[in-house]
Amino acid sequence: MCTEGAAMEEGKAPYTIVFYDFNGNEMDRCGYDGEILYNDLEAITGVGGQPVLYHKDSKLEYQESYDEEMGVAYLDMVAADDDTCTVTLRHDKTFVDMMDTIVEGTWSKDGNAYTLKSDDGDATVTVSEDGKTAVYKGIDGSETNMNVLREASLAVGGSLPFKMSLEGFCDIDTTLTQQ
């Protein structure tokens, strides 16, 4: 349901989501309060890109849509001594492990340690404190030193003032997962 002509709303959101370009330069910021994403972006817009509020789909009414979503690389690694051996963790908690054969499954995180669960068994990846290297421990227990190609990141923190008009506002369900 859309509402029209709503008054400008101002406030502070407890979280800030920072958008970066592929070179690591900050492009824009918006606020998030745990339930609503306050999209008042100025540098990143699209058709119909006026400020809107995206409500979290806490009831998972649209889970089928999320299940069909293609995973985006969250953490990429390559073996230090063999460029053909790679592991990619995706934002949707899935992974592709190409250390020996292609293995796919889901991952979980505890600190800098990732557990990769598949039908073939469990493997682990422990990323160094500086985020540049990792140690992969395969299903068979063998360990391989890895170089991290893409570091895991999601900048959420601090507070950000927001100001937006709710004119033309429509409820849009979305999810944001902090990894």
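Bear in mind that the values in this text are calculations on the coordinates, not laboratory data. Given the structure is predicted, the values throughout are model-derived calculations rather than measurements. We place every Cβ from the backbone using ideal geometry, glycine too, and count neighbours over all the protein chains shown.
Checking the cross-link pairs Lys93/Lys132; Lys56/Lys109; Lys59/Lys132; Lys12/Lys93; Lys12/Lys132; Lys59/Lys109 against a 32 Å limit on the alpha carbon distance flags Lys59/Lys132; Lys12/Lys132 as lying beyond it. Full extension of the chain segment joining Asp82 with Lys12 gains 20.4 nm, where the gain is 0.36 nm per residue of separation less the Cα-Cα distance.
Annotation: average projected area of the stretch 71-150 is 4.7 square nanometres, based on the convex hull of Cα atoms across all directions. Once the Cβ-Cβ distance of Lys132 and Ile44 is raised to the sixth power relative to R0 = 25 Å, the FRET efficiency obtained is 0.30.
Remark: the stretch 71-150 carries a charge dipole of roughly 360 debye about the Cα centre, counting +1 on each Lys and Arg Cβ and -1 on each Asp and Glu Cβ.
Lys and Arg at +1, Asp and Glu at -1: add these up for the other residues within a Cβ distance under 11 Å of Tyr20 and post the number. Within the 11 Å Cβ shell, the charges total -2.
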